[in-house]
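For reference, the structure discussed in these notes is given below.
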Amino acid sequence: MKEFAVFWGCTIQARFPFLEKSSRLVFEAFKLPYRDVNGFTCCPEKSLINNVDPKAFAVTAARNVSVVDGLGVDLVSPCTGCVSNLATVKEDLLHNPGEKAEVNNLLKEVDKEFTGEANLFHLVPFFHDQVGKNIIQRKIKKTFAGMKVAIHYGCHMIRPSHALKNDDPMDPVKFDDLIRWLGAESLGHRTKMMCCGQGLDRVDQHENALHLAREKLVELKKIEADALIVCCPSCFQQFDNNQFLMIREGEKIYTPVIYFTELLGLALGLSPEELGMGGHRVDVGPFLKKWKEQLDKAGPSEVIDTELNVPGALA
């Protein structure tokens with residue numbers, strides 16, 4: 001496998017460092033050739049920057065891609081928005097030589113050049129396509145057989161499809177495949193492909209953002225999903241942080257939210273504490289408790305501590 005740089009983005013390292021931790025632990029468990037590199041900035045965020053100054057958006061994204069172009073490595077990110085933004089600009093520049101030349105003329109001032117040679121991967125298609133089923137299943141120590149989870153693709157994992165080219169944008173399967181390879185059931189549900197709504201918080205529409213999150217969470221409660229699995233820090237923020245606020249206001253909803261690298265880490269035998277799952281706002285203890293019960297039914301297993309003692313967590 002070709003060496004790759006990890007593009008963490010802004011949100012994970014600033015707000016959810018435990019998601020960085022789980023990603024690093026999973027990379028190391030698979031002995032993947034990842035590295036940290038200097039020089040990355042905000043991707044930049046599309047809904048604000050691109051609407052204000054499309055040229056600044058393109059140059060900033062191209063400069064980030066030029067970092068891995070110059071090193072001769074690929075790029076992998078646990079943030080769907082970052083990959084979507086970088087891939088969008090990469091595709092646009094590769095199909096517009098005039099704009100590419102204009103961008104590179106600006107990048108010369110900081111000794112960079114965009115070539116677009118580096119491959120850009122989001123974590124889910126990367127594990128599906130580059131790591132693969134056989135390697136993943138050989139590494140698993142504890143399956144999720146008997147667990148029913150819902151997955152949230154989000155808006156940016158597979159779109160824009162012309163730039164990402166990693167799954168069917170209308171009927172994606174790769175995230176579902178990964179969940180099934182870990183032994184869990186991936187539930188079908190009406191709101192599966194719906195936007196989480198977190199972007200509305202960025203434009204001061206908090207109630208509308210909550211409305212979209214609530215619609216999915218209410219459905220997941222009805223279908224008795226054991227957890228919601230996400231792989232985007234904005235989606236995690238929406239369904240974990242905002243769900244916590246809704247529960248505090250008395251709403252009768254409750255679904256643990258788990259990042260893909262956390263779920264994979266648990267399957268590899270890492271503990272919830274090692275993965276930093278105590279950083280969640282909505283308590284994951286009930287999910288872990290049911291999982292332990294399912295493992296016990298299947299035979300002897302290591303003891304899983306389901307008491308995370310998270311300050312403020314809601315059971």
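Structure above, values below:
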| read-out | value |
| --- | --- |
| Number of the condition not met by residue 169 [criteria: (1) crowded, with 22+ Cβ neighbours inside 10 Å; (2) touching a Ser or Thr at 6+ places or on another chain (Cβ under 6 Å)] | (1) |
| Any hit, region 124-135, residues being surrounded by fewer than 16 Cβ atoms within 10 Å (Cβ to Cβ), among the charged types (D, E, K, R) and either assigned by TED's automatic domain parsing to the domain that holds residue 20 or under 18 Å from residue 24 (Cα atoms) (or both) | no |
| Among residues of region 35-53, those that are assigned to a helix (DSSP H, G or I) and either on the phi > 0 side of the Ramachandran plot or at pLDDT 95 or above (or both), counted | 0 |
| Conditions (1) of a type outside the set (Gly, Ala, Ser); (2) within 24 Å of residue 166 (Cα to Cα); (3) part of a loop (DSSP other than H, G, I, E, B); number of the one not met by residue 112 | (2) |
| Residues satisfying the stated conditions in region 237-257, i.e. closer than 28 Å to residue 76 by Cα and in contact (Cβ under 8 Å) with a residue 60 or more places away in the chain | 237, 239 |
| Test result for residue 178, assigned by TED's automatic domain parsing to the domain that holds residue 257, in contact (Cβ under 8 Å) with a residue 12 or more places away in the chain and among the aliphatic types (A, V, I, L, M) | yes |
| Qualifying residue in region 72-82 (condition: modelled with pLDDT of 95 or more, of a type in the set (S, T, N, Q) and out of contact with any helix residue (DSSP H, G or I) (no Cβ under 7 Å at 6 or more places or on another chain)) | yes |
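The values are calculated or read from the model by the stated rules, or taken from the named source; none is laboratory data. Small disclaimer: the values here were computed from a predicted structure and weren't measured. Cβ atoms come from the backbone with ideal geometry, glycine included; neighbour counts cover every protein chain shown.
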